[in-house]
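To start, the structure under review is shown below, and the notes come after it.
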Amino acid sequence: MAARPAVLNRTDFEDAFNDLRGAPLTLAVLDLDHFKTLNDTLGHGEGDRVLRVIERLLSSSLPSGSVVGRIGGDEYAAILPETAAETALILLDEVIKHFHIHRDPQWPKSLGLSAGLAARPAHATTYADLYRAAEEALLRAKREGRARACIYVESKMVLKSNYYAKSQLDRLSKLSGALGRTEASLLREALDELIEKHRGAL
């Protein structure tokens, strides 16, 4: 029987992502719903046990070649190489269902597992952009009721024509195509640079 892959720390997880270079993959970001409630009612020792259960579940349930990392607190991430977001969604749905069916009865009923998914190259190409997209999908999973997985949906930015001239939007569209990145990710990058540039004014 093959050994389960180790759960990496944040730095090693990012290194593993970078080692895959431009290969297609899906990045999943997961965290526990109402984890604080469990820690407050049953103690941090029980919280640690829940995290070990999650780590075993992810390591044993995801396909061979997947990479699992603990990003911090009760947040985890997984890289599924050569896996489309729709396939990853089915896999993560099964993981979430398994957690709910087999969890300890003493754990609060509100304790759940949610996940957000983003694919390369469909949604973004760099680690930072892909992680941000997966986190947006995770937030949507929380908003829609928790204990579920969601795929990132590109915002249509319906109001962008109110802020930018048509010539700028045309150039943005061409740049998006040339770089293989979404318009939203390019605008976010520009906004991040603008905020950094004027950090002293904040």
Considering every residue within segment 52-65, establish whether at least one is over 14 Å from residue 32 (Cβ atoms) and of a type in the set (A, V, I, L, M). yes
In segment 32-43, anything under 19 Å from residue 99 (Cα atoms) and without any contact (Cβ under 8 Å) to a residue 24 or more places away in the chain is listed as 36, 39
Do we have residue 101 as of a type in the set (A, V, I, L, M, F, W, C) and at pLDDT 90 or above here? yes
Condition first: touching a Lys or Arg at 6+ places or on another chain (Cβ under 7 Å), under 17 Å from residue 98 (Cα atoms) and surrounded by 15 or more Cβ atoms within 10 Å (Cβ to Cβ). Now tell me which residues in segment 56-86 satisfy that. 59, 76
Only residues in segment 44-55 that are more than 11 Å from residue 70 (Cα to Cα) and assigned by TED's automatic domain parsing to the domain that holds residue 73 count as the first member; pair them with residues that are of a type in the set (S, T, N, Q) and surrounded by 14 or more Cβ atoms within 10 Å (Cβ to Cβ), Cβ under 6 angstrom, at least 6 apart or cross-chain, and list the lot. 47/39
Among the residues of segment 32-55, are any within 14 Å of the chain's Cα centre (by Cα) and surrounded by 16 or more Cβ atoms within 10 Å (Cβ to Cβ)? yes
Hey, residue 19 under 19 Å from residue 127 (Cβ atoms), without any contact (Cβ under 8 Å) to a residue 12 or more places away in the chain and surrounded by fewer than 17 Cβ atoms within 10 Å (Cβ to Cβ) or not: yes
Among the residues of segment 128-171, which ones are modelled with pLDDT of 90 or more and more than 23 Å from residue 54 (Cα to Cα)? 128, 129
Which condition does residue 145 not pass, out of (1) free of Cβ contacts under 8 Å to residues at least 60 places away in the same chain; (2) surrounded by 12 or more Cβ atoms within 10 Å (Cβ to Cβ); (3) not aliphatic (A, V, I, L, M), if it passes all the others? (2)
Based on what the data block shows, is residue 37 hydroxyl-bearing (Ser, Thr, Tyr) and within 23 Å of residue 92 (Cα to Cα)? no
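The values are calculated or read from the model by the stated rules, or taken from the named source; none is laboratory data. Computed from a prediction, not measured in an experiment: that's the story for all the values here. FYI the Cβ positions are ideal-geometry reconstructions off the backbone, even for glycines, and counts take in every protein chain you see.
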